[in-house]
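Worksheet for the structure shown next.
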Amino acid sequence: MTDMLQVKGLNVAFPSRDGPVRVVRDVSFTLGRERLGIVGESGSGKSQTGRAILGLTPASGTVTADRLTFDGIDLRKASARTWRSLRGPRMSMIMQDPKYSLNPVMTIGRQIVEAYRRRGNAARGDARSKAIAMLEAVQIRDPERVFRAYPHELSGGMGQRAMIAMMLIAEPDLLIADEVTSALDVTVQLDVLKILDDLVRDRGMGLIFISHDLRLVSSFCDRVLVMYAGRVVEQIAARDLKNAQHPYTQGLLNCLPQIDGDSAPLPTLTRDPAWLA
Amino acid sequence: MTALIEVRDLAVTFGSGRQQVRAVRGVSFDVEQGESFGLVGESGSGKSTVLRAICGLAPMTGGTVHIGGKPLKTPRDPAFYQQVQMVFQDPYGSIHPRHTIDRVLSEPLAIHGFKDAETRIERALEDVGLGRGFRFRYPHQLSGGQRQRVAIARALILEPQILLLDEPTSALDASIQAEVLNLLDALRVDKGLTYVLVSHDLAVVSHMCRRLLVMQHGQAVEELTRDALQARAATKDYTRQLLVASEGFKAP
Ligand SMILES: Nc1ncnc2c1ncn2[C@@H]1O[C@H](COP(=O)(O)OP(=O)(O)O)[C@@H](O)[C@H]1O
Ligand SMILES: Nc1ncnc2c1ncn2[C@@H]1O[C@H](COP(=O)(O)OP(=O)(O)O)[C@@H](O)[C@H]1O
Ligand SMILES: [Mg+2]
Ligand SMILES: [Mg+2]
């Protein structure tokens, strides 16, 4: 089986007064029907990597790649029409901030129903009950009210969940989830992860799970890419993370407080200029 | 011995009629001098409102708060703010973006009529590990961790006894969080400070606090020690759920 997503030598640069700034540098990986985590500190290039794959790099940015294919389709040369057929139904990205993904002038319910119908041609009543069920699945207590609400009528956490429901109901083949659970309470976090897990296991979805939370990623993903200053410094199976080779990966793990830790000062990270080489 | 901070049956209700939100519904706890006490719970459980009520930033609609055995005055007087200071999650929201660090730190000193501003500012910057080189910079010239250090310096500059810390590291990367938590811990020991630390992260609270109160829906669920937490000796379901969830995802 060939991998659904193949990324080789991906670079993203933005212009600046001092010349182009390379925020994603020679990133290469492949993705099958699995859960791939991308971790790293803020600014390390996680979101820009995800956006470049979906062709959502801001207009000022320049993307180059030796190879960028989804299901055999060369995304570097994709036409607007090809993108329309891919984005939404086949590949999708849940962003950190619901403001960017929800349409402010359409009710939540209509947005979710449309996302569902774009997939196939489900009957109207069926789509509605599926949408309500999905809102329930992301732990929204009053799904009927949220179904009728406009995005601005929801709190941040509710909007986030509504957006997750909308993306999940489309059941895309590839989902890039960018810090989707970061703003959620730990207990709700696990409910959302369970839904994502089901989609990977039962429907064979490929998932790129972007997060700054190394501990959560290591408990959820199969494989982890660790990014530092735009580069992938380590690629490792999640279960081997404790034996990570790169001092940055080690440092990120060790600096986390633990429930079972003692109260001695936390180890801090000493950055080595050699990591940038 | 009486506790330094005594909170009894604290209640905070916002608005009225159908808009009414009972954010805090009868919460009690004691904090000893020199101790670090944690408040933990999901978002919306009322943690921030407890701290804000103590500071006079949210309306107390029931209960009492004593500090050093004395009931708080409403509105809080200048003496209160010399004794109690608050640090917020988002230093960007709490530090004026167009003021130099020097001005950010001078203001509380001027308000409280301190004359030795120069030495206090330099000492506060040293205390939080920034050094005087930062004095005339602007907030946007600092990283998130450095801005949080400025917020801590501002809270310390009046030499308070008590710091109320509201998610002080939640907006920071893990490596920066570790540095700021270490700093807070060292300052508490060096200066004999007393903390009430709010966090949604059980690991952060467990690391920083010997005792903690779990909150949900504006109410206290249970109070327990770090030892009890580590022994998984929680007595309430909600605390157990938090403990399990904090261990990350477990494949079914
Ligand atoms: N539109 C943009 N213009 C210029 N630089 C940008 C833009 N968007 C992001 N960057 C920069 O790219 C780098 C990587 O950003 P990002 O991928 O968002 O990081 P992460 O998601 O890992 O926090 C950062 O240094 C950021 O400042
Ligand atoms: N100024 C306010 N007016 C109305 N409701 C408020 C106000 N501040 C907080 N609340 C409400 O009080 C509840 C508790 O909020 P908060 O103390 O911020 O929770 P936490 O800090 O635990 O996340 C929430 O339902 C919140 O929406
Ligand atoms: Mg990001
Ligand atoms: Mg809060």
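The values are calculated or read from the model by the stated rules, or taken from the named source; none is laboratory data. Treat the numbers as computed from the prediction; the structure is a model and nothing was measured. Using ideal geometry, Cβ is built from the backbone for each residue, glycine included, and neighbour counts are taken over all protein chains shown.
Would you point out the residue of region B:15-40, among those that are out of contact with any Phe, Trp or Tyr (no Cβ under 6 Å at 6 or more places or on another chain) and modelled with pLDDT under 95, that is farthest from the other protein chains (Cβ to nearest Cβ)?
B:Ser16
Return the only residue of B:Thr64, B:Thr49 being away from ligand 1 (no atom under 16 Å from the Cβ), over 17 Å from the mean Cα position of the chain (by Cα) and among the β-branched types (Val, Ile, Thr). Reasoning before the result, please.
Working: B:Thr49 fails: over 17 Å from the mean Cα position of the chain (by Cα).
Within the list B:Thr64, B:Thr49, the selection yields B:Thr64.
Tell me which residues, restricted to region A:45-78, are among the polar types (S, T, N, Q) and either outside any loop (DSSP other than H, G, I, E, B) or more than 16 Å from ligand 3 (Cβ to nearest atom) (or both). So that I can check it myself, show each step before the final result.
First pass over region A:45-78, keeping only residues among the polar types (S, T, N, Q): A:47-49, A:57, A:60, A:62, A:64, A:69.
If the condition is that a residue be among the polar types (S, T, N, Q) and either outside any loop (DSSP other than H, G, I, E, B) or more than 16 Å from ligand 3 (Cβ to nearest atom) (or both), then A:Ser47, A:Gln48, A:Thr49, A:Ser60, A:Thr62, A:Thr64, A:Thr69 are the ones that fit.
Table: residues versus (1) modelled with pLDDT under 90; (2) over 27 Å from the mean Cα position of the chain (by Cα); (3) within 12 Å of chain B (Cβ to nearest Cβ).
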site: A:Val232; (1), (2), (3): no, no, no
site: A:Ile236; (1), (2), (3): no, no, no
site: A:Arg239; (1), (2), (3): no, no, yes
site: A:His246; (1), (2), (3): no, no, no
site: A:Leu256; (1), (2), (3): no, no, yes
site: A:Gly261; (1), (2), (3): no, yes, yes
site: A:Pro265; (1), (2), (3): no, yes, yes
site: A:Thr268; (1), (2), (3): no, yes, yes
site: A:Arg271; (1), (2), (3): no, no, yes
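Given (1) surrounded by 19 or more Cβ atoms within 10 Å (Cβ to Cβ); (2) touching a residue at least 60 places away in the same chain (Cβ under 8 Å); (3) within 12 Å of ligand 2 (Cβ to nearest atom), where does B:Arg22 come up short, assuming only one miss?
So the condition that B:Arg22 fails would be (1).
What pairs come up if the first residue lies in region B:81-103 and is aliphatic (A, V, I, L, M), the second is within 13 Å of ligand 4 (Cβ to nearest atom) and in a loop (DSSP other than H, G, I, E, B), and their beta carbons are under 9 Å apart, counting only those six or more places apart or on different chains?
B:Met86/B:Leu57; B:Val87/B:Pro168
State which residue is surrounded by the fewest Cβ atoms within 10 Å (Cβ to Cβ) when the search covers only region B:205-252 and only residues that are of a type in the set (Gly, Ala, Ser) and either within 26 Å of A:Ile195 (Cα to Cα) or under 22 Å from the mean Cα position of the chain (by Cα) (or both).
Taking region B:205-252 and keeping what is of a type in the set (Gly, Ala, Ser), we get B:206, B:218, B:220, B:228, B:231, B:233-234, B:245-246, B:248, B:251.
Okay, now just the ones that are also either within 26 Å of A:Ile195 (Cα to Cα) or under 22 Å from the mean Cα position of the chain (by Cα) (or both), so B:206, B:218, B:220, B:245-246, B:248, B:251.
Numbers: B:Ser206: 24, B:Gly218: 23, B:Ala220: 23, B:Ala245: 19, B:Ser246: 19, B:Gly248: 17, B:Ala251: 9.
So, considering only residues that are of a type in the set (Gly, Ala, Ser) and either within 26 Å of A:Ile195 (Cα to Cα) or under 22 Å from the mean Cα position of the chain (by Cα) (or both), the one surrounded by the fewest Cβ atoms within 10 Å (Cβ to Cβ) is B:Ala251.
Exactly one condition in (1) away from chain B (no Cβ under 12 Å); (2) surrounded by fewer than 20 Cβ atoms within 10 Å (Cβ to Cβ); (3) in contact (Cβ under 8 Å) with a residue 60 or more places away in the chain is false for A:Leu225; which is it?
Every condition holds for A:Leu225 apart from (2).
Hey, does region A:192-206 have a residue that's over 17 Å from A:Leu31 (Cα atoms), in contact with a Lys or Arg (Cβ under 6 Å, 6 or more places away or on another chain) and assigned by TED's automatic domain parsing to the domain that holds A:Arg33?
Checking region A:192-206: not a single residue is over 17 Å from A:Leu31 (Cα atoms), in contact with a Lys or Arg (Cβ under 6 Å, 6 or more places away or on another chain) and assigned by TED's automatic domain parsing to the domain that holds A:Arg33.
Identify, please: which residue in region A:170-197 is among the polar types (S, T, N, Q) and buried (at least 18 other Cβ atoms within 10 Å of the Cβ) and is, among those, farthest from the other protein chains (Cβ to nearest Cβ)? It would help to see each step written out before you state the result.
At the first step, the residues of region A:170-197 found to be among the polar types (S, T, N, Q) are A:181-182, A:187, A:189.
Adding the requirement that they be buried (at least 18 other Cβ atoms within 10 Å of the Cβ) leaves A:181, A:189.
On the way: A:Thr181: 10, A:Gln189: 7 Å.
Filtering first and then ranking leaves A:Thr181.
Filter region B:163-203 for residues that are over 23 Å from B:Gly46 (Cβ atoms) and charged (D, E, K, R) and give the result.
B:Asp173, B:Glu179, B:Asp185, B:Arg188, B:Asp190, B:Lys191
Among the residues of region A:11-35, write down those that are surrounded by 23 or more Cβ atoms within 10 Å (Cβ to Cβ) and within 16 Å of ligand 3 (Cβ to nearest atom). Can you show your working first?
Applying the first criterion (surrounded by 23 or more Cβ atoms within 10 Å (Cβ to Cβ)) to region A:11-35 yields A:12, A:24, A:27, A:35.
Those that are surrounded by 23 or more Cβ atoms within 10 Å (Cβ to Cβ) and within 16 Å of ligand 3 (Cβ to nearest atom): A:Val12, A:Val24, A:Val27.
Would you mention how many residues in region A:198-218 are out of contact with any helix residue (DSSP H, G or I) (no Cβ under 9 Å at 6 or more places or on another chain) and either within 14 Å of chain B (Cβ to nearest Cβ) or at pLDDT 90 or above (or both)?
Here is the first cut: in region A:198-218, the residues out of contact with any helix residue (DSSP H, G or I) (no Cβ under 9 Å at 6 or more places or on another chain) are A:198, A:200-204.
Going one step further and asking which of them are either within 14 Å of chain B (Cβ to nearest Cβ) or at pLDDT 90 or above (or both), we end up with A:198, A:200-202, A:204.
Counting residues in region A:198-218 that are out of contact with any helix residue (DSSP H, G or I) (no Cβ under 9 Å at 6 or more places or on another chain) and either within 14 Å of chain B (Cβ to nearest Cβ) or at pLDDT 90 or above (or both) gives 5.
Which ones in region B:126-158 are in a helix (DSSP H, G or I) and either exposed (fewer than 15 other Cβ atoms within 10 Å of the Cβ) or small (Gly, Ala, Ser) (or both)? Quick ask: steps written out before the conclusion?
We begin by selecting, within region B:126-158, every residue in a helix (DSSP H, G or I); these are B:126-127, B:132-134, B:139-141, B:144-156.
Of everything in region B:126-158, those that are in a helix (DSSP H, G or I) and either exposed (fewer than 15 other Cβ atoms within 10 Å of the Cβ) or small (Gly, Ala, Ser) (or both) turn out to be B:Glu126, B:Arg132, B:Gly133, B:His140, B:Gln141, B:Gly144, B:Gly145, B:Ala151, B:Ala153, B:Ala155.
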